[in-house]
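The values are calculated or read from the model by the stated rules, or taken from the named source; none is laboratory data. Not measured: the values here are computed from a predicted model. Because the Cβ atoms are built from the backbone with ideal geometry, glycine has one as well, and the counts that use them run over all protein chains shown.
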Amino acid sequence: MNTSDTTSLPDFTPAARAVTGLLEAIGDERLGDPTPCPEYAVRELLAHVDGLCLAFRDAARKALGPTTDTSPDAALPVLEDGWRARIPVRLNELAEAWRRPEAWQGMTRAGGVDLPADIAGRVALNELVIHGWDLARATGQAYDPGEASAAVSYEIVRPTDDDSLRDGIFGPPVAVPDDASLLDRVVGFSGRRPDWHPAG
């Protein structure tokens, strides 16, 4: 990958804006609602998004420490007060951090795992795309992270001969119709049902 050419780098901005756009419509009464992540209600999903923004922002900056060293599975995430103002700021910071060509160079760390920065960036964008979809489905909102973002996610989640990136992260792929959208195919490959809704 030519990291000196910023036009070749995945752009987090469309997905970050799409997730930001979901937040205003989420009232406190929705925080206990179920999500496509069985272990998370809406509040835990929001807390997870908050945390992944911080962790992958610091991974891009190579600011390694507690935010990049902690596994997301270490504990159920807790949604802290002030999330409505804080998460949009962190989403913007995440997008800005990965806009720098040097963010994609060398090695970095996320979730306590050392990995090439260009892989970490794509994993980060996939996390944003997938969990944005989770949040939208859980709260009954439309969601469009952009075709380019979905294409990056597709390369992360699609089954291959080497499924090292999938192992322990995604469930078994769910079949989708041949004419399904790219985002629905991404969702299916991530182990989610594209037709999921809170009622089951």
- Flagged in the range 115-151 as farther than 17 Å from Leu182 by Cβ and hydroxyl-bearing (Ser, Thr, Tyr), in numbering order, are Thr139
- Task: Please find, within the range 78-94, the residue that is surrounded by the most Cβ atoms within 10 Å (Cβ to Cβ) out of those that are closer than 23 Å to Cys37 by Cβ and within 15 Å of the chain's Cα centre (by Cα).
- Result: Leu94
- Message: Against the definition (at pLDDT below 95, within 23 Å of Ala199 (Cβ to Cβ) and surrounded by 17 or more Cβ atoms within 10 Å (Cβ to Cβ)), how does Val176 come out, yes or no?
- Response: yes
- Query: Among Pro38, Pro66, which is without any contact (Cβ under 8 Å) to a residue 24 or more places away in the chain and closer than 20 Å to Val129 by Cβ?
  - Reply: Pro38
- Note on the structure: Scanning the range 25-69 residue by residue, the ones that are assigned to a loop (DSSP other than H, G, I, E, B), of a type in the set (A, V, I, L, M) and crowded, with 18+ Cβ neighbours inside 10 Å total 1
- Do we find that Pro10 is assigned to a loop (DSSP other than H, G, I, E, B), modelled with pLDDT of 95 or more, crowded, with 17+ Cβ neighbours inside 10 Å and in contact with a Phe, Trp or Tyr (Cβ under 6 Å, 6 or more places away or on another chain) in this structure? no
- Query: Which condition number does Ser153 fail, the rest of (1) in a helix (DSSP H, G or I); (2) exposed (fewer than 15 other Cβ atoms within 10 Å of the Cβ) being met?
  - Reply: (2)
- Message: One residue is enough: does the range 55-73 have a residue meeting the conditions hydrophobic (A, V, I, L, M, F, W, C) and over 24 Å from Val157 (Cα atoms)?
- Response: yes
- Note down all Cβ pairs under 6 Å where the first residue falls in the range 96-119 and is touching a residue at least 24 places away in the same chain (Cβ under 8 Å), the second is of a type in the set (D, E, K, R), and they're at least six residues apart or on different chains. Ala97/Arg57; Ala97/Arg61; Trp104/Asp118; Thr108/Lys62; Gly112/Asp69
- Residue check, Gly21 at pLDDT 95 or above, touching a helix residue (DSSP H, G or I) at 6+ places or on another chain (Cβ under 8 Å) and either part of a loop (DSSP other than H, G, I, E, B) or not basic (Lys, Arg) (or both): no
- Note on the structure: Checking Arg122, Arg99, Arg109, Arg137 in turn, the sole residue that is among the basic types (Lys, Arg) and part of a strand (DSSP E or B) turns out to be Arg109
